[in-house]
Structure formats: structure tokens, C-alpha cells
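Everything on this sheet refers to the single structure shown next.
The values are calculated or read from the model by the stated rules, or taken from the named source; none is laboratory data. These numbers were taken from a predicted model, which means no experiment stands behind them. Note that each Cβ is placed from the backbone with ideal geometry, even for glycine, and that neighbours are counted across all protein chains shown. Protein only, heavy atoms only, side chains kept; ligands, DNA and RNA dropped before computing areas. Shrake-Rupley method; radii C 1.70, N 1.55, O 1.52, S 1.80 Å.
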Amino acid sequence: MSEAFGEDAMRYSRRALLNLSAAAAVTAAVPAMPRRARAQAPVKIGTAVLGAYTLSAPVLVALETGLFKAQGVNAEFVPFRGGPDLVKAVISGDVLLGLTGSTDILVFREAGSPIKMTATQADGNDFVLVGAAEGTRMADLKGQTIGVTRIGAATWVFARMAARAQGWDPDRDVKITGLGGLDAQVAALARKEIAAFVWGDYGAVTETQGRTKLILRMDALTPKWIASIQYASEEAIKKSPDAIRGASKALFQALRFMKQQPQEAAAIIGPKLGWSPEVVRAAYAACTPIFSEDGRIHPESLRAMQDALVEAGSVKRRLPLDEHYTSEFTPVRL
């Protein structure tokens, strides 16, 4: 791994990257798209937050290496401050494809949102509860404030699940507050405005930066899970299936690129997210093993998630699982 990520990995020329991208496109056997497809209007790809490796990194790589364009998708990246904001943009049609934590599909479908999961982006549960670098015990959090991205987001769901696992009432024994992205969470933790916060990537980024320490891994509570997904509105699925298919294929090509060309991927991701090579290396080691190969959706994982959310009180009723996803776009053929 250390050979794959050296300091030299962060020093690259645009020409070298473009040459590498062309080679990757040839390797992936991406078919030439007709001129008309390339000239289409901008398509927005949204993520629930910016500083989450499993969500943002594939979008950044697909943009920089031209993988979206190779699929005839004129993509624009739009990060949001949490799942609730993203889902509004997807439903309104402002964003075509949303990338988020998987609990959003269950929570928002129950709330009546006309969206469907189109692909699994990462299998497994990479969410964690982290506290100050000097160390915090789970028992110390009773009566304290826990930060999440937004109320109703996946991070909020997991904060409630963690509290319930301790036998606490998540509405009375802890205070859960929405703060937005990673920088806001870390800043609030440093100011002692919160005692902990929930994030993905197994806590690899902020722990490597020396800013947090792990309190609880959520996969200890939910071993069968889906870390992140791609989803679209039901209207977009009907009206723009080719654009969804092209965008999804580009993202999975980017995931493969990240696995096969870690140096070049790190050179793209690090500067965009403001991460050092060491931090990118930590995120890569933690998250790459759970990336899906072809986006295939596993209903048994959705069932386990639904059971956990119902038990935690985050959703009140069990909707039929097949209402939450479509198999129209998977498995993704690269």
C-alpha cells in the first residue's frame, strides 16, 4: 500500500493524467458516443455531503478523468449539507442522481418521497461515532450533544441507534444536532460544543489527522448493511434512464480506476478535498474494500436495514422492499 501512495503520487501533470485517463477509457472499452449525446445539457450529480470518501471521491475522479463525458453525460458535481437537502433537489429535478447513505432510501420513502435506489455504491457499514482525540467513552455521552449532518439524515439515524443500544432515550438522554459537513463537525468538537459526531469512512480521515478517536463502530450494531447508494426520482427514472445509466457507469468506472490506479486517484482526490497523501491513503485503505463491483442491489441487506430502523423507531412501518429500488440499472456492465 505504501508503494502505491508515495509523496510523488501527489505530483502529477495534467497531461499525464489525461493520458492515463485515455488509457483507462480504452481499457474499460468505453464505446464512442455520438456527437448529439455529448452536446446534452448539464446533468447534476449530488452527494449528501462533500467530505465523505465513498460519496465524493468517485464523482471527482469521474469528472477529472473524463469518464462522464465518455458516457455522453455533461456532469456537474453538487455537494449538499445532508441527505434531506439532497433529496429535495433530486425530487425537484435539479439533481439527476443522488449519492448518499443508504438509510435515506428507507426513511424518505416512508415519508412519501418518490425516489428509488438505482445502485449500491458501497456494501457494508462504514459509519462510526467518534469523539475528541484524547478519547471518549460511550458511557460519557449520556446527557451530551452528538453532531450529525442534518436531522433525518443517515448520520442522525445512527446517532439514535447508538443511543438506543445503550438503553437510552435518544430524545431525552442525548441531544442530537445537525451541523452539516465534516469541517463543521470537527470545529464543533474542538470547541466542545458537541461531545461526539457520526461520520462514515470508518473515521479514517479525522483519526489520521489526529482530530478524533473512535468511540463506536456502527457495524457492531448492524453487520449486514449498505454503506452508500445511488438513487433518482421516479420521474427521472422514467424520463431520463439513459442519462442515469451513463452517469452510473461512469461512477463505477471511477471506482475501478480508484482501485487499479490508486496513485493517480489520490492525486485527484487529495487536492479537491484538502487532504494530505496520508489521509487519502487512510480513506483508501478503509473504504476501497467495501466498494461495489457492479452496483447490484441485495434485498436481504435492505431487509436487515429496515428491521434495524423499525426497531430503533426511525421508521414506523415496513413498506414492501421492492418499492425502494429498481433493478433497471444493475448490474453495471463495465
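A few comments on the model shown:
- Region 63-126 and region 240-276: distance between their alpha carbon centers, rounded to Å: 15
- Based on DSSP H segments of at least four residues, each scored -39500 (n - 2.57), the chain has a per-residue ellipticity at 222 nm of -12500 deg cm²/dmol.
- Per-residue packing, averaged as other Cβ atoms within 10 Å, sorts the ranges 83-90, 197-204 into the order 197-204, 83-90, beginning with the highest.
- With bins 5 Å wide beginning at 0, the percent of Cα pairs of region 146-205 falling in each bin runs 4, 21, 30, 27, 15, 4, 0.
- Positive minus negative residues near residue 237 (Lys, Arg vs Asp, Glu; Cβ under 9 Å): 0
- Alpha-carbon gyration tensor eigenvalues x 5, square-rooted, for the chain, Å: 32, 25, 16
- Dipole of region 190-334, positive direction: furthest Cα of 257, 304, 195, with charges on the beta-carbon: 195
- Using the 1.4 Å probe convention, the accessible area of the chain works out to 42 Å² per residue with neighbouring protein chains retained.
- Non-local Lys pairs in region 102-226, i.e. 8 or more apart or on different chains, that have alpha carbons under 23 Å apart: 7
- Long-range HN-HN contacts of residue 47 with modeled amide H, under 5 Å: 78, 80, 99
- 10 Å Cβ shell holding at most 15 others, DSSP loop, GluC sites (Glu not before Pro): longest site-free stretch of the chain: 4-133
- All Cα-Cα distances of region 196-304, cut into 10 Å bins from zero to the largest, leave 12, 34, 35, 17, 2 percent in each bin in turn.
- For region 225-330, the list of trypsin sites (Lys or Arg not before Pro) that fall in a loop by DSSP and count at most 13 other C-beta atoms within 10 angstrom reads 296, 316, 317, 318.
- Rounded percent of accessible protein surface that carbon and sulfur make up, the chain, 1.4 Å probe: 48
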